[in-house]
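A.B. asks: I am attaching a structure below and will ask some questions about it afterwards.
What follows is calculated from the coordinates using simple rules that are stated; it is not laboratory data. What you see is a predicted model, and the numbers here were worked out from it, not measured in a lab. In this analysis, Cβ positions are derived from the backbone assuming ideal geometry, glycine residues included, and neighbour counts consider all displayed protein chains.
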Amino acid sequence: MPRSMQLTRRLFSTILLGKMIGFGVAGTTLSVLRRSSSASETEAAKKDTSQSNTSRLETAPRKSGKSPDKVDYHQITEAEWKKRLTASQFQVTRKHGTEPAFSGKYHNNKNDGVYRCVCCKTELFDSQEKFDSGTGWPSFWKARKKEVIEESSDDLLGYRRTEVHCTRCNAHLGHVFQDAPKTPTGLRYCINSVCLVFVPRKEAEADAK
Ligand SMILES: [Zn+2]
């Protein structure tokens, strides 16, 4: 084989090899890019979830009885509450509804802990002040702290009742009656389960630290 031809062949194979390596590298780069883009998509998805979790957390006080978040719950619109709550939570807390007796999950709950507002997570009641009224609604003889609950007059049923709502977010909770003579206060806070979130004592105490 003439020397020039040998050189041409060598050159050709070098180019071919280079191209192959090039493609290989390009291919690898592409798959790396693909991987990293799908990885970043996953990251983005994670971020999305964590962001929405964070925003949910930001709307909830993290410490018992304290309100570390700066949310003004009175400014939240009805449309926004509708998004945040289930249909029954919305109906009762924002529309003064009442859940059917014995239908809620807490009327018979005897576990030790605190009950937080389903809307703003303020601690409203304590299991130590809960009693069995036999009415089918969770009943308490006092609020956890006086200031967490406000009262107003309610004539919805044609006679006067005292409505109770969460001071912090204005969620309707139920009513208070003076018909529990066996309790230390004589009062019966008749509260809808759907307005409450029960938190076991240890968990609530851990949050408070
Ligand atoms: Zn509240």
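A.B. asks: Please give the per residue volume of the convex hull enclosing the alpha carbon atoms of segment 102-209, rounded to a whole number of Å³.
C.D. replies: 102 Å³
A.B. asks: May I ask you to derive the FRET efficiency for Thr185 and Ala208 from their Cβ-Cβ distance with R0 = 22 Å, giving the value to the nearest 0.05?
C.D. replies: 0.35
A.B. asks: Can I ask one more? Over segment 79-209, what is the relative contact order in percent, taking alpha-carbon pairs closer than 8 angstrom and at least six residues apart?
C.D. replies: 28 percent
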